[in-house]
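See structure below.
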Number of protein chains: 2
Amino acid sequence: MEKEKPIGVFDSGIGGMSVMKQLISAMPNEDIVYFGDTARVPYGSKSNATVVEYSMQIAKFLANKNIKALVVACNTVSSIALPSLRQKYNIPIIGVIEPGAEFALRETKTGRIGVIGTRATIANNAYSKSILKRNPKVEVFEKACPLFVPLAEEGWLKHKAVYDIAEEYLKELRDLNIDTLVLGCTHYPILREVIQEVIGKDVKLVDSGVTTAEVVREEIDRIGFLTNSNSMGNQRIFVTDINPNFKDVAELFLGMKLKEIDKVDLETLTA
Amino acid sequence: MEKEKPIGVFDSGIGGMSVMKQLISAMPNEDIVYFGDTARVPYGSKSNATVVEYSMQIAKFLANKNIKALVVACNTVSSIALPSLRQKYNIPIIGVIEPGAEFALRETKTGRIGVIGTRATIANNAYSKSILKRNPKVEVFEKACPLFVPLAEEGWLKHKAVYDIAEEYLKELRDLNIDTLVLGCTHYPILREVIQEVIGKDVKLVDSGVTTAEVVREEIDRIGFLTNSNSMGNQRIFVTDINPNFKDVAELFLGMKLKEIDKVDLETLTA
């Protein structure tokens with residue numbers, strides 16, 4: 001039955017777990033199949049053509065798991081591959097950019113919005129395009145922060161070096177007097193505390209994962225596919241590589257313990 | 001003719017350019033074919049099985065380019081895949097670990113040697129095994145420094161954050177009174193200045209690339225395959241992905257301008 005199919009979630013690696021956390025919180029009874037392309041992470045420094053190619057491979061894998069909706073829990077993929085994915089698959093496909101853009105517009109009072117993300121997300125102007133399409137009167141200022149991902153994965157959440165690096169990346173945006181800052185990468189919410197302190201406590205931080213989960217819920221509800229189950233949903237995790245500290249970092253992002261993790265061979269994926 | 005064949009060099013990404021720099025300096029007349037697996041970098045956080053699989057694919061590609069020797073300019077691959085590569089190919093195959101280990105033993109006076117590298121290189125105890133096999137009387141202390149690679153690739157060579165991060169990683173080794181420190185990752189030589197300052201100016205830094213180039217020269221000479229050419233050799237560069245800032249970072253590592261860069265599709269590689 002359509003309603004009891006799982007929701008597919010995919011990310012280039014572990015970061016999408018922060019979006020899955022919000023999905024579980026918004027729809028605790030839904031089953032979720034998560035795919036993290038940990039053998040080929042990071043996508044943020046790859047070319048657009050490569051990102052589209054990998055995304056299509058993963059969508060095919062998840063489509064074979066009979067999903068009722070696909071959540072692209074990766075800013076880089078959301079900024080590049082959504083048109084190709086939507087052309088191929090006839091289920092709701094929700095990225096993190098559009099919900100994040102809407103959330104930012106709801107939060108801003110001065111119309112001065114900052115966006116931080118990977119090099120690829122920022123180079124594609126993904127958020128500014130999406131925000132300005134909805135409201136051309138606001139101003140959007142973007143800044144790539146490539147070191148935030150490795151810092152988050154190292155688990156250094158409040159180290160002095162994190163403050164120094166945040167200061168280097170964020171001082172421009174602070175001087176531009178933004179009132180809203182979009183955390184345009186799924187890794188960034190776990191560095192939230194440092195980012196808030198450096199950008200200033202009056203700046204609203206927008207975590208795309210939160211609004212993405214709301215949009216996914218609305219969309220599945222709209223087509224009448226919310227589960228009838230009253231018990232806690234299951235999470236199945238597939239990754240292309242399991243390294244020794246994967247589980248720890250994943251649990252840091254997810255905020256809960258993980259059960260089974262399955263490894264998918266890249267040969268299977270590219271076949 | 002065997003002598004005029006190129007030398008193959010491969011790395012998970014860009015870092016091996018620091019080894020290629022030393023090869024050019026030691027053998028300016030040799031042609032070099034460089035392969036950087038930039039679509040799947042970094043290897044340092046992947047499982048051993050995945051690293052072996054990727055290495056075999058790349059060795060096959062380079063073997064088809066008719067190379068006379070293969071330089072594995074990647075510490076992670078050198079620590080994991082050399083036995084598989086040597087079993088399959090009957091040309092000299094030189095990694096960076098063994099030359100680095102020999103160099104360290106030549107430099108140390110107190111017999112207290114530190115080694116820094118990626119998580120994978122350190123988890124495999126690659127350098128300590130290689131050093132202790134040669135001289136079981138010395139003491140080797142190892143420390144993974146995962147953030148050094150993204151810092152080097154961001155081009156932040158002397159930023160305050162780099163000092164803070166180096167301090168965090170290196171303080172243990174400094175307190176252990178080492179007199180020699182192996183830079184067990186091809187990215188680290190470009191952070192040399194900060195590392196030297198933090199570990200202390202009396203500690204000898206060992207750049208594996210320098211001794212690897214010497215060993216490659218000796219090995220090719222031993223089998224009588226050094227080129228007869230008197231003109232500057234050519235460098236051909238193949239990568240699996242070209243991202244916008246690849247060329248800048250590669251030139252930072254290589255210390256010279258790059259000419260042509262060719263992209264190889266992963267489909268071709270895995271076929």
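Values in this text are rule-based calculations from the coordinates and carry no lab data. Because the structure is a prediction, the values reported are computed rather than measured. Cβ atoms come from the backbone with ideal geometry, glycine included; neighbour counts cover every protein chain shown.
Would you mind checking the tilt of helix B:48-63 against the longest principal axis of the Cα atoms of chain B, expressed as 0 to 90 degrees and rounded to 10?
So the helix axis and the longest Cα principal axis differ by about 40 degrees.
Return the aspartates and glutamates within reach of B:Lys88: Cα separation strictly under 17 angstrom, same-chain partners fewer than 8 residues apart disregarded; answer none if there are no such residues.
Within the straight-line cut-off, B:Lys88 pairs with B:Glu53.
Rounded to the nearest whole Å³, what is the per residue volume of the convex hull around the Cα atoms of the protein assembly as shown?
153
Within segment B:193-271, report the trypsin sites (Lys or Arg not before Pro) that DSSP leaves as loop and that have at most 11 other Cβ atoms within 10 Å.
Here the trypsin sites (Lys or Arg not before Pro) that fit, given the DSSP loop and packing criteria, are B:Lys201, B:Lys257, B:Lys259.
With angles folded into 0 to 90 degrees, how steeply does helix B:160-175 sit against the dominant principal axis of chain B? Use alpha carbons for both and round to 10.
70
Roughly what angle does helix B:208-222 make with the longest principal axis of chain B, taking Cα atoms, 0 to 90 degrees, to the nearest 10?
40
Let me spell out the model: positive unit charges on the Cβ of Lys and Arg, negative unit charges on the Cβ of Asp and Glu, origin at the Cα centre of segment B:97-208. What dipole size does that give, in debye rounded to 20?
380
Could you compute the net charge surrounding B:Ala39? Neighbours are other residues with a C-beta less than 10 Å from the C-beta of B:Ala39; K and R count +1, D and E count -1.
Local charge sum for B:Ala39: 0.
Determine which aspartates and glutamates satisfy two conditions relative to A:Lys5: a Cα distance under 16 Å, and not lying fewer than 8 residues away in the same chain.
Answer for A:Lys5, where 16 Å is the Cα cut-off: A:Glu30, A:Asp31, A:Glu219, A:Asp221, listed by chain and number.
Need the C-alpha centroid separation for segment A:46-75 versus segment A:213-263, integer Å.
That distance is 16 Å.
Using helices alone, what [θ] at 222 nm do you get for the protein assembly as shown, with -39,500 (n - 2.57) per DSSP H run of 4 or more residues, divided over all residues and rounded to the nearest 500?
-13000 deg cm²/dmol
State the Kirkwood hydrodynamic radius of segment A:97-208 in Å, one decimal place, computed from all pairs of distinct Cα atoms.
13.7
Hey, could you pull the Cα Rg and Dmax for segment A:1-147, both in Å?
Using the Cα atoms of segment A:1-147, the pair Rg, Dmax is 15.5, 47 Å.
What trypsin sites (Lys or Arg not before Pro) in segment A:1-107 are in a loop by DSSP, with at most 15 other Cβ atoms within 10 Å of the Cβ?
Answer by residue number: A:Lys65.
I'd like to know how chain A sits against the 2.2 N^0.38 Å rule of thumb: what's its Cα Rg over that expected value?
Cα Rg divided by the expected 2.2 N^0.38 Å: 0.96.
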